[in-house]
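Readers should treat all values here as calculations from the given coordinates under stated rules, not as data from a laboratory. Since the structure is predicted, the reported quantities are computational estimates derived from the model, not experimental observations. Note: ideal-geometry Cβ built from the backbone for every residue, glycine included; neighbour counts use all protein chains shown.
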Amino acid sequence: MMSAVNDTKLNHAVFLLTGIPGHEVIHLWICISFCLIYVISIVGNSVILFVIKTDPSLHEPMYIFLSMLAFTDLGVSIATVPTILGIYLFKSREISLHSCFAQLFFIHSLQFIESSILLLMAFDRFVAIRDPLRYASILTLPRIAKLGLVFVLRGVAVIFPLPFLLKRYQYCRANILSHSYCLHQEVMTLACADITINSVYGLLITLLTVGLDSLFITLSYVMILKTVLSIASRVECLRALNTCVSHLCAVLLFYVPEFSLTLMHRFVKGSSPLLGILLGYISLLVPPLMNPIVYSVKSKHLRARIIKVFVK
């Protein structure tokens, strides 16, 4: 009996992370792909931050918001990819409960912060198109700093209770997670207790943060379209819309896989495990990879500064 108790406690001490089951033969190639994604994400976002910080001509609201986005993307990459690479390179699948709780705290809080930054960037585009003459007076640097701080604190505050809510439980069910990192909505299902509080709280904060942010972003673009369509000149209309393309790409890259993964975890039963794993990778790895590329390609001013840095 004592041996059985000790075995149970041992199982509670760790979770086992999962790669892509059934594809162990190509794990090396998958690892190479993830290494490239990681390096490009780190370098791309670091270059964006360096260029914006060192070039005074880029100290404008749009680029300051972009630097916030790049910093958040760096955090997401650092919080997730090393764990993923550990699985594929060293078959290091075990993660302690405390490490798992810490990782999910950083992943979810950074994702909520990124959602808030995308909302601020939508507000930036709305003001720039709707009221360009008052743009500089509305989006002042102190105001941007305050808005950024408020949304960072919001992202941290709403996620802060999750590790403590999870820590209350005993985990006597299978300790195998279906992803290569820890997510709250999956960890809580392994608890051998009533998880109603966690489930309701997780859904509530998602609706009040990511849900509201996406709603306000949609409303801002409705107002932007209404303003743009009232412009008589077709050239000016297209020029105004073109300033929103980069942000729209960033919004789609973030929200489409995020909502798909959330709906799958909560409401879709019996779906393909492989689909959930792929959506999880896309939601966390693709935005940090693509955002620097999209903004560098679409912003001539930023692209010129980046080229200038590398030429020097």
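So for the chain, taking the charge dipole from beta-carbon charges (+1 Lys/Arg, -1 Asp/Glu), which of 128, 98, 159 sits furthest toward the positive end? Ranked along the dipole, the leading option is 128.
Scanning residues 5 or more positions from residue 55 or on other chains, none has an amide H under 5 Å from its amide H, with H placed 1.01 Å from N in the peptide plane. Normalised radius of gyration (Cα atoms, divided by 2.2 N^0.38 Å) for the chain: 1.10. Rg/Rh for region 124-256 to two decimals, with Rh computed the Kirkwood way over all alpha-carbon pairs. So for region 124-256, dividing Rg by the Kirkwood Rh gives 1.14.
Taking amide H as placed 1.01 Å from N in the peptide plane, residue 172 has its amide H under 5 Å from the amide H of 192, each at least 5 places away in sequence or on another chain. Provide the net charge surrounding residue 115, with neighbours chosen by a C-beta distance below 9 Å and charges set as Lys +1, Arg +1, Asp -1, Glu -1. Neighbourhood net charge equals -3. Within the chain, 31, 35, 237, 244, 249 have no other Cys Cβ under 4.7 Å of their Cβ and so lack a disulfide-compatible partner by this rule.
Taking θ as phi - 60° and the Karplus parameters 6.51, -1.76 and 1.60, the scalar couplings of region 125-130 work out to 5, 4, 5, 4, 8, 7 Hz in sequence order, x denoting glycine and proline.
Here the residues 73, 131, 124, 55, ranked from fewest to most Cβ neighbours within 10 Å of their Cβ, fall in the order 131, 55, 124, 73. Sorted fewest first by neighbouring Cβ atoms within 10 angstrom, 283, 260, 92 come out as 92, 260, 283. Across region 180-194, coupling constants 3J(HN,Hα) worked out from phi with the 6.51/-1.76/1.60 Karplus curve, θ = phi - 60°, read 8, 7, 9, 10, 4, 5, 9, 4, 5, 6, 8, 6, 9, 7, 6 Hz, and Gly and Pro carry x.
Backbone geometry of region 94-102 corresponds, through the Karplus equation with coefficients 6.51, -1.76 and 1.60 at θ = phi - 60°, to 3J(HN,Hα) couplings of 7, 9, 5, 4, 5, 5, 5, 5, 5 Hz, x marking Gly and Pro.
Annotation: the residues 176, 282, sorted from fewest to most other C-beta atoms within 10 Å of their own C-beta, follow the order 176, 282.
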